[in-house]
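As structure tokens, the structure follows; a few thoughts come after it.
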Amino acid sequence: MHVFLTGFMGVGKSTIGRCLAAALELPFVDLDQRIEDHTGESIAGIFEQRGEAAFRRIEAEALNRVVHGPPAVIATGGGTVTVEQNRVLMESHGVSVWIDLPFPSIARRVVDGERAERPLFDSPGQAEALYEARLPAYRACNHRITVGAEDGPDEIAARIERLLQETPCAT
């Protein structure tokens with residue numbers, strides 16, 4: 001069974017995913033990193049040179065390759081779960097966990113540290129509109145972990161691990 005970590009950009013999917021994978025003794029896959037390794041381009045570069053539609057096609061192909069591999073903890077991109085074919089693929093190959101960090105905390109993280117690497121974070125107002133638009137897809141995930149800015153990745157990973165143990169998935 002794969003464990004798919006979803007949520008908006010800046011919530012810590014990759015950092016939490018590494019901690020969770022270690023705890024579960026599973027490989028960790030950062031889907032964005034797989035895309036960069038496969039294409040030889042940065043995510044921002046793909047968006048800039050080819051556009052979002054092309055990126056989403058590349059992302060879907062990468063996800064398809066990953067789900068047919070061994071069970072793993074997979075950190076998805078912030079928009080992966082918004083594409084129906086990706087949701088179906090994730091549902092049929094594992095369990096999805098939405099890491100729900102309030103938008104003001106996301107905005108502080110991205111503006112203060114990673115904004116240049118986030119092609120869809122033009123401004124806090126634009127990003128908040130995107131966040132709001134994605135909420136229905138996040139809410140459709142199997143599980144939701146509400147986190148605060150002060151919660152550490154090991155603590156969040158432990159909460160997810162307990163949740164998965166309490167509610168095993170049949171897939």
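The values are calculated or read from the model by the stated rules, or taken from the named source; none is laboratory data. In this text, all values refer to a predicted model and were calculated from it rather than measured experimentally. Note that we place each Cβ from the backbone using ideal geometry, even for glycine, and neighbour counts take in every protein chain shown.
Tell me whether the stretch 73-80 contains one or more residues that are in contact with a Pro (Cβ under 6 Å, 6 or more places away or on another chain) and either assigned to a helix (DSSP H, G or I) or closer than 18 Å to His143 by Cβ (or both).
Within the stretch 73-80, the first condition is being in contact with a Pro (Cβ under 6 Å, 6 or more places away or on another chain), and the residues that meet it are none.
Scanning the stretch 73-80, I find no residue that is in contact with a Pro (Cβ under 6 Å, 6 or more places away or on another chain) and either assigned to a helix (DSSP H, G or I) or closer than 18 Å to His143 by Cβ (or both), so the answer is no.
Once the stretch 1-36 is narrowed to residues that are of a type in the set (D, E, K, R) and touching a residue at least 12 places away in the same chain (Cβ under 8 Å), the residue that is farthest from Glu155 (Cα to Cα) is Arg34.
Selection within the stretch 49-83: residues that are modelled with pLDDT of 95 or more and of a type in the set (Asp, Glu). The member of this set that is surrounded by the fewest Cβ atoms within 10 Å (Cβ to Cβ) is Glu61.
Scanning the stretch 129-153 for residues that are part of a helix (DSSP H, G or I) and more than 17 Å from the chain's Cα centre (by Cα) yields a total of 1. Here Ser92, Ser105 are screened, and the one residue that is farther than 27 Å from Glu166 by Cα, surrounded by fewer than 22 Cβ atoms within 10 Å (Cβ to Cβ) and hydroxyl-bearing (Ser, Thr, Tyr) is Ser105. Restricting attention to the stretch 50-82, the residues being under 22 Å from Ile145 (Cβ atoms) and in contact with a helix residue (DSSP H, G or I) (Cβ under 8 Å, 6 or more places away or on another chain) number 14. Scanning the stretch 131-171 for residues that are modelled with pLDDT under 90 and either surrounded by 15 or more Cβ atoms within 10 Å (Cβ to Cβ) or touching a helix residue (DSSP H, G or I) at 6+ places or on another chain (Cβ under 7 Å) (or both) turns up Ala149, Thr171. Here Thr39 fulfils each of the conditions (1) in contact (Cβ under 8 Å) with a residue 40 or more places away in the chain; (2) of a type in the set (S, T, N, Q); (3) surrounded by 13 or more Cβ atoms within 10 Å (Cβ to Cβ) apart from (1).
Of the residues making up the stretch 16-53, those that are acidic (Asp, Glu) and either within 18 Å of the chain's Cα centre (by Cα) or assigned to a helix (DSSP H, G or I) (or both) are Asp30, Asp32, Glu36, Asp37, Glu48, Glu52.
When you scan the stretch 81-90, do you find a residue that is over 24 Å from Ala133 (Cβ atoms) and either more than 13 Å from the chain's Cα centre (by Cα) or not in a helix (DSSP H, G or I) (or both), even just one?
Taking every residue of the stretch 81-90 in turn, none turns out to be over 24 Å from Ala133 (Cβ atoms) and either more than 13 Å from the chain's Cα centre (by Cα) or not in a helix (DSSP H, G or I) (or both).
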